[in-house]
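Participant: My questions all concern the structure below.
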Amino acid sequence: MKNSSNIYKYLTALLVASMCANEAVAQMRESGLPKLVVNITIDQLRSDYLQIFERFYGDGGFRRLMRDGLVYEKAINDYFPADRSSATATIVSGATPYYNGIVSDSWIDRKTLRRTGCVEDKNIKAAQGRDAVSAKSLMTTTIGDELKVFTNGMSKVYSIGPERDAAIISAGHAGDLALWIDDNTGRWTTTSAYALAADQWAMGVSANFPIADKLKSLKWSPLSGLGETLSLFMGEGMQKSFSHPFTGERKFIDFKRSALVNEEISLMALKCQKDNGLGTDDVTDLLCIQYYAGKPLESVLSSNRTELQDTYMRLDHELDRIIETLESRIGKGQVLFVLSSTGYSEIEDVDYDKYGIPSGTFYINRTANLLNMYLSNVYGKGQYVDAVYHNQIYLNHKLIEQQQLSLSEILKRSRDFLLLSEGIRDIQTSENILSSTNENLLKIRNGYSLTLSGDIICEVAPGWQVVNENTGEKFNPTPSAVIFPIIFYGSGVKSNHVETVVSTDRIAPTISKSLRIRAPNGCKSLPLF
């Protein structure tokens, strides 16, 4: 009898799930929702560069989006600091890092005191050519997750990009597959965290589309035309052409930081859509695409302005290709395109001394050692500083608890001591970050995590660079805002330009509203429309 009862409950659950799924499909079919949502995130896209290079664009890429789309011209990240990982997580979750848990591309694990990548997952089995990674550290759902829940898993969710962190975070917890380019082999790769069917497709892609073979003869040179030698940066005019081969140990990393990687992303995204049938049935699917528009290669920006210009010209081509192809395959008005940026910009190395501008180097490791000596003099010998990372100092909570010391007092003493350091403009501690109502500190709080971030954050003066001599890391913190557009184009969208300043955490609830599904569970922001 007990077995019969369990079988009955199981069959009932299956029936209910099936009914819910069928109801969701019927709702999508009857409501005219898009068959496919294409969420495009361009790493480090900037409005000023977008405008500078406008004369080189065709009619089908940026021009089409700006002309026919709903354009929010002044978008920002509502937290600080931002990087590729935290920005991507905010876009797909509708929550700032304080809630979604992705405060950076990496952080210090307080248990092991080692640097840990934001998508590392020791519970995932590493395979040949594959890393042990997943979206486990993402503490909220994403657009794709909620779409999967709404359709009882029937929607397809795929993510394609050059970097593993952005690809995995975009795919979310329930995505079918994230695909990216491996730094060491140049192969398309994924993780064993995904379902078998998608994994088999990824294996075929990895074997049959080796980027390494292309790089043997490939060079990054300008697109033909006026943009090949004319630089639109202030006062530069005609410039020499360029040609960059991809050689040496860093060739795949350099390729991923070149304009040419975006063509590979487009080719793979279109192959993914075609092979896996995204947007070909009555259930809405999601395809996340990540492009690159950041600092070219590892060179200084000032000597690579024509390369940066070429990057935007090529991006225009790729956007045209994606829009034209997908609308041709699926139907005009059947695809919703969403374009945004990660909203930060890598700082170029500038020799301020050359121009008599105040600058300097703040050595975070030396500062941490001095702080530890100071605390040892006050409280007795001990290792009070556990680790340093970026511009953050991690204190030894275990030692503080064992000695029954007041963390609040130690934080206050540490702040007073560190404020005397050359190059420091302010010191923020975990307590004042989490308790302050100051508007400027609120942005820092939105990008902070009590369990992942350091106890002390050192704010250096403008022009100063943070250096860790022990690891060789150089870190350039900057509060400068990068303005970029958020654009909706396609299914059900009316063209308009909005000048109100908006933030990236409003993208996810807007897409969710457009699909009539629940917003991600950490989202606290209202839709844009």
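The values are calculated or read from the model by the stated rules, or taken from the named source; none is laboratory data. Just so it is clear, the model here is predicted, and its values are computed rather than measured. Using ideal geometry, Cβ is built from the backbone for each residue, glycine included, and neighbour counts are taken over all protein chains shown. Ligands, DNA and RNA are stripped out before the accessible areas are found, and what is left, the full protein with its side chains, is counted by its heavy atoms. Shrake-Rupley method; radii C 1.70, N 1.55, O 1.52, S 1.80 Å.
Participant: Which of the residue pairs Lys111/Lys443; Lys35/Lys136; Lys354/Lys443; Lys35/Lys494; Lys122/Lys398 have a Cα-Cα distance greater than 22 Å in the structure shown? It would help to have the intermediate numbers written out before the result.
Facilitator: Working: Lys111/Lys443 27 Å; Lys35/Lys136 28 Å; Lys354/Lys443 33 Å; Lys35/Lys494 18 Å; Lys122/Lys398 24 Å.
Lys111/Lys443; Lys35/Lys136; Lys354/Lys443; Lys122/Lys398, as the Cα separations exceed 22 Å there.
Participant: Moving on. State the volume of the convex hull built on the alpha-carbon positions of the range 250-338, expressed per residue in Å³ and rounded to an integer. Write out the running numbers ahead of the final one.
Facilitator: On the way: hull volume 8.3 nm³, N = 89.
Expressed per residue, the convex hull around the Cα atoms of the range 250-338 is 93 Å³.
Participant: Principal axis lengths of the range 46-99 from Cα atoms, whole Å, largest first?
Facilitator: 40, 20, 17
Participant: Find the Rg to Rh ratio for the range 51-169, where Rh is the Kirkwood radius over alpha-carbon pairs and Rg uses the same atoms. Write out the running numbers ahead of the final one.
Facilitator: On the way: Rg = 17.7 Å, Rh = 16.9 Å.
For the range 51-169, the value is 1.05.
Participant: Using a 1.4 Å probe and ignoring any ligands, DNA or RNA, find the accessible area of Glu324 and quote it in Å² to the nearest 10.
Facilitator: 100
Participant: Here is a follow-up. Which lysines does Lys240 reach when only Cα atoms under 17 Å apart count, and residues fewer than 8 places away in its own chain are ignored?
Facilitator: Lys219
Participant: Could I ask something else about it? Which whole-number percent of Cα pairs in the range 352-448 have a distance greater than 19 Å?
Facilitator: Numbers: 2259 of 4656 pairs.
Distances greater than 19 Å cover 49 percent of the Cα pairs.
Participant: Could you bin all the Cα-Cα distances of the range 439-520 into 10 Å bins starting at 0 and give me the percent of pairs in each, rounded to whole numbers?
Facilitator: 11, 30, 28, 20, 11, 1
Participant: Report the charge-dipole magnitude of the chain in Debye, nearest 20, computed about the Cα centre from +1 at each Lys and Arg Cβ and -1 at each Asp and Glu Cβ.
Facilitator: Details: 56 positive and 61 negative charges, 221 e Å.
The calculated dipole for the chain is roughly 1060 debye.
Participant: Here's something else I'd like to know. Based on DSSP H runs of at least 4 residues, each adding -39500 (n - 2.57), what is the mean residue ellipticity at 222 nm of the chain after dividing by all its residues, to the nearest 500 deg cm²/dmol? The partial results should precede the final answer.
Facilitator: Values: 18 runs with 196 residues, N = 529.
The per-residue figure over the chain is -11000 deg cm²/dmol.
Participant: When the C-alpha atoms of the chain are aligned to their principal axes, what extent does each axis show, in angstrom, from largest down?
Facilitator: 82, 71, 47
Participant: Sorted from largest down, give the three principal axis spans of the alpha carbons of the range 88-237, whole angstrom values.
Facilitator: 52, 39, 38
Participant: Take the Cα coordinates of the range 108-186, assign each an equal point scatterer, and use the Debye formula without solvent to give log10 I(q)/I(0) at q = 0.19, 0.26, 0.27 Å⁻¹.
Facilitator: Result of the Debye calculation: -0.86, -1.26, -1.30.
Participant: Enumerate the aspartates and glutamates that Lys513 could reach by cross-link, defined here as Cα to Cα under 13 Å, with residues fewer than 8 away along the same chain left out.
Facilitator: Cα-Cα hits under 13 Å: Glu146.
Participant: Same structure, new question: Can you give me the solvent accessible area of Leu267 with a 1.4 Å probe, rounded to the nearest 10 Å²?
Facilitator: About 70 Å², ignoring ligands and nucleic acids.
Participant: Quote to one decimal, in nm, the extra length available between Arg413 and Asp351 on full extension: 0.36 nm per residue of separation minus the C-alpha distance between them. Walk me through the numbers before you get to the answer.
Facilitator: Details: separation 62, 0.36 × 62 = 22.32 nm, distance 3.46 nm.
Answer, rounded to one decimal: 18.9 nm.
Participant: Just the number, please: percent antiparallel of the DSSP beta bridges in the chain, rounded to the nearest 5.
Facilitator: Details: 32 of 63 bridges.
Taking every DSSP beta bridge with both residues in the chain, the antiparallel ones total about 50 percent.
Participant: Please enumerate, by chain and number, the aspartates and glutamates with C-alpha under 13 Å from the C-alpha of Lys295, excluding those fewer than 8 residues away in the same chain.
Facilitator: Asp43, Asp254, Glu307, Asp310, Glu346, Glu348, Asp349
Participant: Can you tell me the FRET efficiency between Leu442 and Gln402 if r is taken as the Cβ-Cβ distance and R0 is 45 Å, rounded to the nearest 0.05?
Facilitator: Values: r = 34 Å, r/R0 = 0.76.
In this case the efficiency is close to 0.85.
Participant: Mind checking the full-extension length gain between Lys214 and Ser328? Use 0.36 nm per residue of separation minus the Cα-Cα distance, one decimal, nm.
Facilitator: 38.2 nm
Participant: Work out the charge dipole of the chain with +1 on the Cβ of Lys and Arg and -1 on the Cβ of Asp and Glu about the Cα centre, then indicate which of Ile483, Ala126, Pro509 is farthest towards its positive end.
Facilitator: Checked the options; the winner is Ala126.
Participant: Looking at Asn396, Ser449, His497, which one has the Cα that reaches farthest to the positive end of the dipole of the range 375-529 (charges on Cβ: Lys, Arg +1; Asp, Glu -1)?
Facilitator: His497
Participant: Distance between Cα centroids, the range 130-169 to the range 368-387: provide it in whole Å.
Facilitator: Result: 42 Å between the Cα centres.
Participant: Could you tell me the distance between the Cα centroids of the range 461-504 and the range 415-445, to the nearest Å?
Facilitator: Result: 21 Å between the Cα centres.
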